[in-house]
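> I'd like to ask some things about the structure below.
Coordinate-derived values only; no laboratory data. Computed from a predicted model, the values in this text were never measured in an experiment. Counting neighbours? That spans all protein chains shown, and the Cβs are built from the backbone with ideal geometry, glycine included.
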Amino acid sequence: DDVVVQKDLTPLFSLDLHGNVNGAVETCLEAFHRYYKYLNFSNPLISSKFDPQACGWAFGMNIFDLIAWRKENVTGKYHYWQEQNANRSLWNLGTLPAGLLAFYGLTEPLDRRWHVLGLGYDLNIDNRLIETAAAIHFNGNMKPWLKLSIAKYRPLWEQYVNQAHKYLEDCLTS
């Protein structure tokens, strides 16, 4: 996958989610991760219920309170939004927008050190941030197993891959 866990995640289980369903690192630092970039706010179904400036959050590493999940019927909300978007009038493609809608108002922001993302597109991530991160995420087009990956980040993924594995022998990885 495109997420590498570098540290013990056990402390996540003792975090207080303050009644929220999801604990995740917000992605507000970059404007393209705001709700208005994912959703069609000219549609009243979206504009009447959601803030276009709301922060998106990283999907690569999350902690969930499953009791709160059931109480809030997150699965039902997710399916509702998928059904509402059958004609693609609410968003174009992908499952990320439906997740943003289903967990709207139900996500507790986590410290960024839990999940550093951007290793599949951002050449300028601080090495200290990567080193201290519990999980690193190669989100973006430049996946570490592709030749077009960002070379300085590739070893962070490669160290965990058994290149001699029979399923990888025929793959065209870097």
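> Placing +1 at every Lys and Arg Cβ and -1 at every Asp and Glu Cβ, with all other atoms neutral, what dipole size does the stretch 9-112 have around its Cα centre, in debye to the nearest 20?
320
> Full-extension gain between Asn124 and Asn43, please, as 0.36 nm times their residue separation minus the C-alpha to C-alpha distance.
Computed gain between Asn124 and Asn43 is 25.5 nm.
> For the ranges 83-90, 20-27, what's the packing order if you count other beta-carbon atoms within 10 Å of each residue, average per peptide, and put the highest first?
Descending packing order for the listed peptides: 20-27, 83-90.
> Express in whole angstrom the spacing between the alpha-carbon centres of the stretch 104-167 and the stretch 1-47.
About 16 Å separates the Cα centre of the stretch 104-167 from the one of the stretch 1-47.
> Further question on the same structure: Looking at the calculated P(r) for the chain, what percent of the C-alpha pair distances fall above 18 Å?
Across the chain, Cα pairs with separations above 18 Å total 66 percent.
> Right, here's the next one. What distance in nm separates the two pseudo spin-label positions at Ile67 and Arg113, each 7 Å out from Cα along the beta-carbon direction?
Once both label points are built, they end up 2.8 nm from each other.
> A further question on this structure: Relative to the longest principal axis of the C-alpha atoms of the chain, give the angle of the C-alpha long axis of helix 74-84, reported between 0 and 90° and rounded to the nearest 10°.
Approximately 80 degrees, to the nearest ten.
> Pairs of Cα atoms under 8 Å, at least six residues apart: use those to get the relative contact order of the stretch 72-174, whole percent.
18
> Once the other residues with Cβ under 13 Å from the Cβ of Leu146 are scored (Lys, Arg +1; Asp, Glu -1), what is the net sum?
Taking every Cβ under 13 Å from that of Leu146, the sum is +1.
> Place a +1 charge on the Cβ of each Lys and Arg in the chain and a -1 charge on the Cβ of each Asp and Glu, then give the dipole magnitude about the Cα centre in debye, rounded to the nearest 20.
300
> For the chain, give me the percentage of DSSP beta bridges that are antiparallel, rounded to the nearest 5 percent.
Approximately 55 percent, going by the DSSP bridge assignments.
> So which residue, out of Gly56, Gly94, Gly105, gets the largest mean-square fluctuation from a GNM of the chain using Cα contacts under 10 Å as springs?
Taking springs between Cα atoms under 10 Å, the residue moving most is Gly94.
> Sticking with this one: Provide the FRET efficiency to the nearest 0.05 for the Leu29-Lys166 pair, computing r from the beta carbons and using R0 = 30 Å.
FRET efficiency, Leu29 to Lys166: 0.15.
> Taking +1 at the Cβ of each Lys and Arg and -1 at the Cβ of each Asp and Glu, which of Tyr80, Thr107, Ile136 sits farthest along the dipole of the chain towards its positive end, judged by Cα position relative to the Cα centre?
Checking the options against the dipole of the chain, the answer is Tyr80.
> In straight Cα distance, which lysines are under 30 Å from Lys166, not counting same-chain residues fewer than 8 positions off?
Straight-distance partners of Lys166: Lys7, Lys143, Lys147, Lys152.
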